[in-house]
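Just so it is clear, none of the values below were taken in a lab; they were calculated from the coordinates. Predicted model, so just to flag it, every value in this text is computed and none were measured. A quick note on method: Cβ atoms are made from the backbone with ideal geometry, for glycine too, and the neighbour counts reach across all protein chains shown.
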Amino acid sequence: SLTLRSFWRVMRVELGLGTDNILCASVMGPDLMQQHQTMLDVLQGVRGIEAVSTITALPLTEGESDFATVHPVAWDDARKNELPQVSLRTVSLDYFRVMGIRLLKGRGFNVRDKRASDHVVLINQSLAQHLWPDTDPIGQHIKFDDVMMVMGDSFNEGGEEASHRIVGIGQDVKYKGAESQAPMEVYIPFAQAI
């Protein structure tokens, strides 16, 4: 029937992330970043759990992410109308591995990415293609304009003035479901956002 064919077609759509053997939970309320840290500390010690990670806006839910306009540091003001609004997602270590999101280029976040170290980010392939269609984005620096915090309750030191170096590019993820478009995204390491 048409309904079954439509369902099968939707089920075969590449979401950009894994969905097998993953348990997700949503945490809301004040001190969100501290709640995430507490959850990480508790769950990492539980026997039988292979890996744990957090994100400020869980995929495949109705949750909204933080937003900002991305401004490549090397661009002059004449290109201001080309600056995209992106979803900001604060993630802890191993997020890409836990969720089965392929890292297409560069590196993921690691223990050296701390609050006091150089600010780093990962971007998705849609943002990479939009801002640097003919140039390698790895090593480029971006700033955030017009930051709107919906999920996070803090932003790293320097906030919108801080420069962030791109260290990796991840595959696009259809965060709103199989029939949605993948948004342009920037991932911020949890350790640099608390």
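With each label modelled as a point 7 angstrom along the Cα→C-beta vector, the residue 145-residue 75 pair spans 0.8 nm.
Between residue 140 and 166, the built amide H atoms are under 5 Å apart, and every one of these is 5 or more places off in sequence or on another chain. Available extension along the chain between residue 117 and residue 46 is 22.6 nm, counting 0.36 nm per residue and deducting the alpha carbon span. Near residue 119, the amide H atoms lying under 5 Å from its own belong to 165; only residues 5 or more places off or on other chains count, and H is placed 1.01 Å from N. Peptide packing for 67-74, 134-141 was compared via the average number of neighbouring C-beta atoms within 10 Å per residue; ordered from the highest value, the list is 67-74, 134-141.
Subtract the Cα-Cα distance of residue 181 and residue 102 from 0.36 nm times their separation in residues, and report this length gain in nm to one decimal.
Stretched fully, the residue 181-residue 102 segment lengthens by 26.7 nm.
Can you classify region 89-135 as rounded, prolate or oblate using the Cα gyration tensor, where a ≥ b ≥ c are the square roots of its eigenvalues, rounded means a/c under 1.5, and otherwise it's prolate if a/b beats b/c and oblate if not? Oblate, since a/c reaches 1.5 and b/c is not below a/b.
Close amide H partners of residue 65, meaning residues 5 or more places away or on another chain with modelled amide H under 5 Å apart, do not exist here.
Most tightly packed first, judged by the mean number of other beta-carbon atoms within 10 Å of their residues, the peptides 75-82, 49-56, 121-128, 162-169 read 121-128, 162-169, 49-56, 75-82.
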